[in-house]
Amino acid sequence: MKCLVCRKNQTLMEKVWRFRLCFLHRGPNQIIRALRMLPICHFSSPKVCPTNKTKKIFRENLDPERSKCTLTHQNVHSTLLNCPSDLIALRFFLWCAQQPNFFHNRIVFDHMVGVIKRMMERYKTVKSVVRELASVGCVIKSQTFLLLLRIYWRGRMYEMVFEAIEQMGAYGFTPNTFVRNVIIDVSFKIGRGDLAIKSLKETQVPNFVTFNIMLCNLCKFNDLFHIGDVLRMMLRWGYHPKVETFEMLLNCFCKMGNIVEAHQVLGLMITLGVSMSVNVWSMLIHGFCRLQRLDVAGKLLDKMVETGSSPNIVTYTTLIRGFLKSHMVHDAFNVLSIMESKGDAPDLVLCNVLIDSLTKVGRYNDAIDVFVGMRSRKLSPDSYTFCSLLSAICSSRRFSLFPKLVCGLEIEADLLVCNSLLSYFCKSGFPALAVKFYKVMLDRGFTADKYTFVGLLSGLCKARRVDQAVDVYHGIVMNYPGQDAHIHTVLIDGLIKVRKFDRAISIFKKVVAERYALDVVAYAVTIRGLFMGGRTEEACSLYRQMKEVGLTPNEYTYNVMVSGFVKERDLNMVNLMLQEMIEAKVRLSYNTVLRLSKFLCRSYHLISVIDLWIEMRNLGLISGEVMHELFPDEVVEGVKGDDGHITFSDAYSETDLHVETSGSEDFCDVAASIG
C-alpha cells in the first residue's frame with residue numbers, strides 16, 4: 001500500500017514539474033489557473049516521499065541545459081506562491097538562484113522567510129532542512145548555505161544563522177567574507193559586540209561592507225573606543241567611509257559630547273575631499289549646544305553661511321532649542337527672527353520645541369502664543385504639541401484656557417495624551433474626572449504605564465478616596481511587579497496631603513519590608529509626613545536610616561529637615577542641619593528661609609545660628625534675590641557684618657507657616673522629574 005502511495009505521488013510530481021515551463025511563460029493569473037487544474041491535494045504535506053525516480057525527475061526538470069526559459073521576478077514569485085509544499089518552494093527558489101544572471105529580489109526573499117519559518121517548525125533544525133533538500137535531488141553546494149543564511153538573517157532567526165554556519169563547516173565549506181559580515185551583524189543584534197569584534201579580527205579579507213556594518217552598530221551602541229580602532233583599520237585596508245557613514249560618526253561623537261573626536265573626523269573628511277553638508281554643520285552645532293557652548297554654536301552658524309551653506313529648519317531648531325535650554329530666550333528669538341527673514345517658516349517640530357522649551361523656562365504666555373499661532377500657519381498639532389500645551393497650562397495654573405484652546409481640534413489619542421489629560425484633571429481640581437477618565441482609557445484598550453498609575457493614584461488621593469487608592473496601589477504592585485520608587489512615593493505623598501499620616505507611614509514600612517525600590521525623594525516625603533504627624537524621633541531615625549542605606553540627602557531633604565526642626569523649635573538640630581547644608585553646599589529654599597526668619601525673629605541668644613545664616617548668605621546658599629525680597633536693604637547690609645548682630649524684619653511674623661505646607665505643591669514636579 002505504501003509503495004502504491006509513493007508511485008501515485010511520483011506521478012503527480014512529474015505532472016507538476018512537466019508544466020513548469022508553461023508556468024514561467026504565463027502571467028500570474030494563468031499560472032494560478034494552471035495549478036488549479038492539477039490534482040495537487042496530495043501535496044498538502046510539506047514533506048515529499050522521495051524515491052530514486054523522484055530524484056531523477058527533479059534532476060531532469062531542473063537541468064538548465066534542458067530547460068530554456070526566461071525567468072522574471074514576477075513569475076518566480078507567482079510560482080512560489082502556488083507551490084504545493086514549502087519544500088518544493090525552497091527547491092524551486094534554489095534552482096532559480098542557480099540560473100545565469102538571475103538574482104532574487106527582496107519580495108521573493110521576504111516570501112521565503114515565511115516558507116523557512118514553517119519548515120523550521122516542522123523540521124526543527126537546519127541539518128534536517130538540508131537533508132530534506134538532498135532527498136528531493138538538490139545538490140548541496142556552498143550557495144545553498146549562503147542563500148539559507150540570507151533568509152535566516154533577513155527573518156531575524158539569529159540562532160539558525162549560527163546553526164547554518166556550523167553546517168557549512170560540516171559539509172567542508174569555508175565561510176567567506178559575506179558569511180563573516182553576517183556573523184558580525186548578528187552578533188551585534190544579540191548584544192554580543194565582543195563576538196563581532198573577534199569575528200572582524202578573524203576575517204582574512206574584510207571588504208567595505210564589513211567595516212560599514214561594524215561602524216553602524218558601534219555607533220548605535222555608542223562604543224567610542226572601538227569606533228576609532230575600526231575606522232583606522234578601514235583606512236589601512238584602503239576603504240574610505242561614505243558621506244552617510246561620516247555623518248553617522250559625527251552624530252555619534254557630538255551626541256556623546258566628544259567634540260575632539262568629532263573634529264578629528266571632520267579633519268579626515270576635509271583631507272579626503274568630502275564636502276561639508278548641511279547635516280554635518282547641524283550635527284556640529286548640536287554637539288556644542290549639548291555642551292552648552294552656545295557661543296561656539298552661534299559662530300558655527302555664521303561660518304556655515306559664510307561658506308555658502310544654507311541652514312535648514314533642522315539647523316535653526318537645534319540652535320533655538322540650545323538657547324532656550326540655557327535660558328537664553330532673547331538669543332533664541334533672534335535666531336527665530338533670522339530664520340523667518342530668510343523665508344523659512346517654523347514647522348511642527350520647531351513649534352513643539354518652542355512650546356515645550358518656553359514652558360520649561362517659565363515663559364508660559366509665549367508658549368501659548370506659539371500654539372495659537374499654529375492655526376494661522378496651517379499646522380496641525382500632534383500628540384506632542386497637545387501634551388506640551390497641557391504642561392504650559394498646568395504650570396501657569398491657567399486651567400480655564402484649556403477648553404478654549406483645544407475646541408475643535410482633532411488629536412489622535414495615544415497613551416501620552418491620555419496620561420497628560422489625567423495629570424491635567426488632577427492638577428486642575430477635578431480628581432473625580434481623572435478616575436473616570438482612567439476607566440475610559442481601559443475601555444478603549446489602552447495599556448496603563450507608570451505615568452498612568454501616577455495620575456490615577458493622585459486623583460484618588462485628592463478626591464479623598466483613600467481606601468480605593470490603597471487597593472489600586474496593591475493591585476499595581478501585585479500585577480505589575482518591578483515598579484520604580486515613584487509609584488510608592490506618589491501614594492505616600494497623596495496620603496500625607498490628606499493628613500492620613502499613619503496610613504502613609506504604614507505603606508512606607510511595608511515597601512521597606514518588601515524590599516521594593518526606594519529613592520531619596522521617597523524618604524524625604526515620608527520624613528515630612530512624620531514631622532507633620534508629630535513623630536519627630538521617627539523622622540530623625542528615618543533620616544539616619546536613609547544615609548545608612550547609601551542615599552545622599554538632596555536639597556529637598558535638607559529643607560524638609562530644617563523646616564521640621566524649626567516647627568519643633570529645636571535650636572540644636574536647626575544648628576546641626578544648617579552646618580550639614582553648608583558642608584554639602586546645599587541652598588535653602590524660599591519657603592525654608594521664610595520659616596527660619598520667623599523662627600529667628602521670635603528667638604533670643606541665637607548668635608550661633610545667626611553666624612551660620614551669615615555664612616550661608618556669603619557662600620551663596622541663600623540667594624540675594626530672596627534676601628532683598630524678605631528684608632530691607634539696610635537689613636541685608638547688616639547680615640554682611642561680622643559683629644554677630646542682626647535685626648530681622650517681622651513683616652512675616654503674622655504669617656502662620658508650618659512644615660506641613662512646605663513645598664507640598666512643588667513635590668509632584670520634583671518627584672516626576674526623578675521618577
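The values are calculated or read from the model by the stated rules, or taken from the named source; none is laboratory data. Note that the structure is a prediction, hence the values are computed from the model and not measured. Reconstructed Cβ throughout: ideal geometry from the backbone, glycine too, with neighbour counts over all protein chains shown.
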Which condition does Ala522 not pass, out of (1) of a type in the set (Gly, Ala, Ser); (2) surrounded by fewer than 19 Cβ atoms within 10 Å (Cβ to Cβ); (3) closer than 20 Å to Met478 by Cα, if it passes all the others?
(2)
So, in the stretch 521-547, of the ones that are under 31 Å from the mean Cα position of the chain (by Cα) and in contact (Cβ under 8 Å) with a residue 40 or more places away in the chain, which residue ends up farthest from Arg569 (Cα to Cα)?
Val521
Could you please find all residues in the stretch 359-373 being surrounded by fewer than 20 Cβ atoms within 10 Å (Cβ to Cβ) and of a type in the set (A, V, I, L, M, F, W, C)?
Val361, Val372
Where in the stretch 137-234 are there helices (runs of 4 or more DSSP H), lying fully within it, with 2 or more residues that are more than 25 Å from Phe103 (Cβ to Cβ) and not assigned by TED's automatic domain parsing to the domain that holds Val265?
158-170, 177-189, 193-202, 208-220
Considering residues that are farther than 19 Å from Val179 by Cβ and part of a helix (DSSP H, G or I), the number found within the stretch 114-132 is 12
Somewhere in the stretch 516-524, is a residue at pLDDT below 90, assigned by TED's automatic domain parsing to the domain that holds Ser563 and farther than 26 Å from Phe565 by Cβ?
yes
Can you work out which of the residues in the stretch 54-106 that are among the basic types (Lys, Arg) and modelled with pLDDT of 85 or more is nearest to Lys124 (Cα to Cα)?
Arg91
